[in-house]
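Structure record follows, encoded as structure tokens.
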Amino acid sequence: MSKIIAANFKMNQTPSETIKYASEFLSKKQNFKSKVIFCPPFTSIYCMAEKLKGSTAKIGGQNCYFKNSGAFTGEISPKMLKDSGADYVILGHSERKTYFDESNELIGEKIKAALANNLHIIFCVGENENERMKNIQNSVIINQIKNTLKNIEKNELKSIIIAYEPIWAIGTGKAISPNQAEEMCKLIKEFINKNYNHSQIKVLYGGSVKSENARDLFKMPSIDGALVGGASLDIEEFMKIINAAKNI
Ligand code: PGA
């Protein structure tokens, strides 16, 4: 089955660095079936989208506001993302919650606005280390989904991908075991199926995905792909992750 492999560049790369990265990507053999989505910083979206036009790769933003325009200094709207060449947007990333105080309610509004602009959503959920130690990760994840998606209609779920990203595994090198990741991705799928009667939801795993652990994660039946941070910045390493999804 083909996988979805999304790159979250976070606050890395200038536009010229992104153009160089995109050229390197295009110079690699594109004989993979996975859907590849690059989420560079806002300033690199347009140039990356132009550079990758005609390839199978898609572009995404890492955040957006919930209005299309107006007096919101410093914000970027979903309409702007779409017009810059993005088809996806990451919303609810734990770094947005931790450093910019984003609440589930706000993320829900952003999801609505992004959907109204025909963007696909990569909606992130995840428990922190303390919650994992207390073994309450299941209820934490379910509550995040319930509270964030409370105004989302069933038919809108087809444009939403959920990324399960345990916070303690993000950027720490402490990846979860494939079995633990499978358990959580399965839980998310079962919850969405039971509560929204939607069995097709795609669930990615994110948090210290590297070429060494990617294949074992991709082999898990409930894991539809990965959201890759740090390891996506090195094109050689990212290509290895893409290639790890071959023939699974
Ligand atoms: P990481 O980040 O791969 O660097 O752990 C993943 C993410 O934050 O999406």
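A 1.4 Å probe run over the protein chains yields, for the chain, 47 Å² of accessible area per residue, whole-number rounding.
For region 120-137, putting each phi into the Karplus relation 6.51 cos²θ - 1.76 cosθ + 1.60 with θ = phi - 60° gives couplings of 8, 10, 10, 9, 8, 9, x, 9, 8, 5, 4, 5, 5, 5, 7, 6, 10, 4 Hz, in residue order, rounded to whole numbers and with x for Gly and Pro. Close amide-amide hydrogen proximity is noted between Phe38 and Ala7, Lys58, Ile59, Gly60, each under 5 Å apart and 5 or more residues distant or on a separate chain (H modeled in the peptide plane; Pro and chain starts excluded). For Leu52, Leu106, the ranking by accessible surface with the largest value first comes to Leu106, Leu52, using a 1.4 Å probe. When nucleic acids and ligands are ignored and a 1.4 Å probe is applied, Lys112 ends up with an accessible area of around 70 Å².
Ligands, DNA and RNA left out, the accessible area of the chain computed with a 1.4 Å probe is 50% carbon and sulfur. Note on exposure: Ser55, Ser232, Ser27 ranked by accessible area (1.4 Å probe, complete protein assembly) read Ser27, Ser55, Ser232, with the most exposed listed first. Which residues among region 99-139 fall inside the zone where the amide N is under 11 Å from a point 7 Å beyond the Cα of Asn68, along Cα→Cβ? Label zone hits: 116-118. Counted by Cβ distance under 10 Å from Gly207, the other residues give a net charge of 0, where Lys and Arg count +1 and Asp and Glu count -1. The aspartates and glutamates within cross-link reach of Lys150, meaning a Cα-to-Cα straight distance under 18 Å and a gap of 8 or more places when in the same chain, are Glu102, Glu105, Glu109, Glu190.
In this structure, the residue pairs whose Cα-Cα separation is over 26 Å, taken from Lys67/Lys186; Lys10/Lys53; Lys79/Lys158; Lys10/Lys174, are Lys67/Lys186.
The values are calculated or read from the model by the stated rules, or taken from the named source; none is laboratory data. Quick caveat: nothing in here was measured; it's all calculated off a predicted structure. Ideal geometry is used to build each Cβ from the backbone, glycine not excepted, and the neighbour counts take in all protein chains shown. Surface areas here come from the heavy atoms of the whole protein model, side chains and all, with no ligands, DNA or RNA. Shrake-Rupley method; radii C 1.70, N 1.55, O 1.52, S 1.80 Å.
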